[in-house]
Amino acid sequence: MEYFFILIGAIFINNYVLVQFLGMCPFFGVSKKTETAIGMGLAVTFVMTLSSAITFLFYEFVLLPFNIVYLRTVVFILIIASIVQFVEVFMKKMLKSLYAMLGVYLPLITTNCVIFGAALINTKSGFTFVGAIVNSIGAGAGFTLALFLLAGIREKYENNPDIPEVFNGFPLALFSAGLMSIAFMGFLGLI
């Protein structure tokens with residue numbers, strides 16, 4: 001039951017994008033089409049889960065025992081960058097159309113603060129290994145959900161003649177994200 005609460009908390013209550021405001025660059029950059037949003041969300045979820053598992057183990061079995069926790073940032077970024085390179089090579093070979101759609105945003109997963117934030121939160125929150133994995137899956141699912149919702153909104157209003165020209169594009173995306181954030185903050189205190 002504890003893992004269920006961690007999962008629901010990461011998806012809705014502590015959504016890394018809409019409540020903690022992490023990962024805003026790909027959130028706005030890749031949210032123009034739902035297909036691209038789902039692809040990026042799945043890639044981020046995979047990288048986040050794998051990197052959280054590896055960083056958690058590295059933190060517990062190398063950084064803590066040798067009292068070199070101050071290297072956490074550098075080590076975590078190196079681990080995340082290595083995993084992103086693996087995902088990028090895999091997508092380039094196997095999923096060429098998705099690789100082309102994601103474009104520059106795929107390498108930016110390396111510097112995506114939502115992935116680094118998940119790794120830090122997992123080590124600082126006192127999660128067990130399984131709890132860290134569940135939290136990462138929930139954070140990735142929450143990221144994917146937020147990305148998909150914003151992409152759906154942006155597609156709906158893409159060529160709507162009723163919207164003034166000044167609001168088209170990024171201003172409407174920013175306004176929509178703000179309203180989504182307010183809606184997700186309504187989940188605070190649920191669990």
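Our coupling estimate for segment 167-183, obtained by passing each phi through the Karplus curve with A = 6.51, B = -1.76, C = 1.60 and θ = phi - 60°, is 8, 5, x, 5, x, 5, 5, 5, 4, 4, 5, x, 5, 5, 4, 4, 5 Hz, Gly and Pro reported as x.
Sequence-ordered 3J(HN,Hα) estimates for segment 32-37 from the Karplus curve with 6.51, -1.76 and 1.60 and θ = phi - 60° stand at 8, 9, 5, 5, 5, 5 Hz, glycine and proline given as x. For the chain, the spherically averaged projection of the C-alpha convex hull amounts to 11.7 nm². Dividing the mean sequence gap of close Cα pairs (under 8 Å, 6+ apart) by how many residues segment 9-108 holds gives a relative contact order of 28 percent. The Kirkwood radius of segment 68-165, taken over pairs of alpha-carbon atoms, gives through the Stokes-Einstein law at 20 °C and 1.002 mPa s a diffusion coefficient of 135 µm² s⁻¹.
Computed over protein heavy atoms with a 1.4 Å probe, the accessible surface of the chain works out to 52 Å² per residue. For the chain, the fraction of 1.4 Å probe accessible surface lying on carbon and sulfur atoms is 72 percent. Phi angles across segment 50-60 convert, under the Karplus curve 6.51 cos²θ - 1.76 cosθ + 1.60 with θ = phi - 60°, into 3J(HN,Hα) values of 5, 5, 5, 5, 5, 5, 4, 5, 5, 5, 5 Hz, Gly and Pro given as x. In the complete set of protein chains, residue-level accessible area for PHE5 is approximately 90 Å², probe 1.4 angstrom.
Only lysines eight or more places from LYS96 in sequence, or on another chain, were considered; those with a Cα closer than 25 Å are LYS32, LYS33. Here the dipole of the chain is about 320 debye; that uses its Cα centre as origin and unit charges on the Cβ of Lys and Arg (positive) and Asp and Glu (negative). Taking all protein chains as shown and a probe of 1.4 angstrom, TYR59 keeps an accessible surface of around 20 Å². When Rg and Dmax are taken over the Cα atoms of segment 1-49, they come to 12.0, 36 Å.
Computed over every Cα-Cα pair of segment 10-120 and binned at 5 Å starting from 0, the pair-distance distribution P(r) comes out as 2, 12, 22, 22, 18, 13, 7, 3, 1, 0 percent.
Heavy atoms of the protein only, probe of 1.4 Å, neighbouring chains included. What is the accessible area of VAL104 in Å², nearest 10? Counting only protein heavy atoms, VAL104 exposes about 100 Å² to solvent.
In the chain, Cα pairs under 8 Å separated by at least six residues give a relative contact order of 43 percent.
The values are calculated or read from the model by the stated rules, or taken from the named source; none is laboratory data. Please read these numbers as outputs of a predicted model, since none were measured by experiment. Cβ coordinates were reconstructed from backbone atoms using ideal geometry, including for glycine residues, and neighbour counts include every protein chain displayed. Side chains included, ligands, DNA and RNA excluded: accessible areas come from the protein's heavy atoms. Shrake-Rupley method; radii C 1.70, N 1.55, O 1.52, S 1.80 Å.
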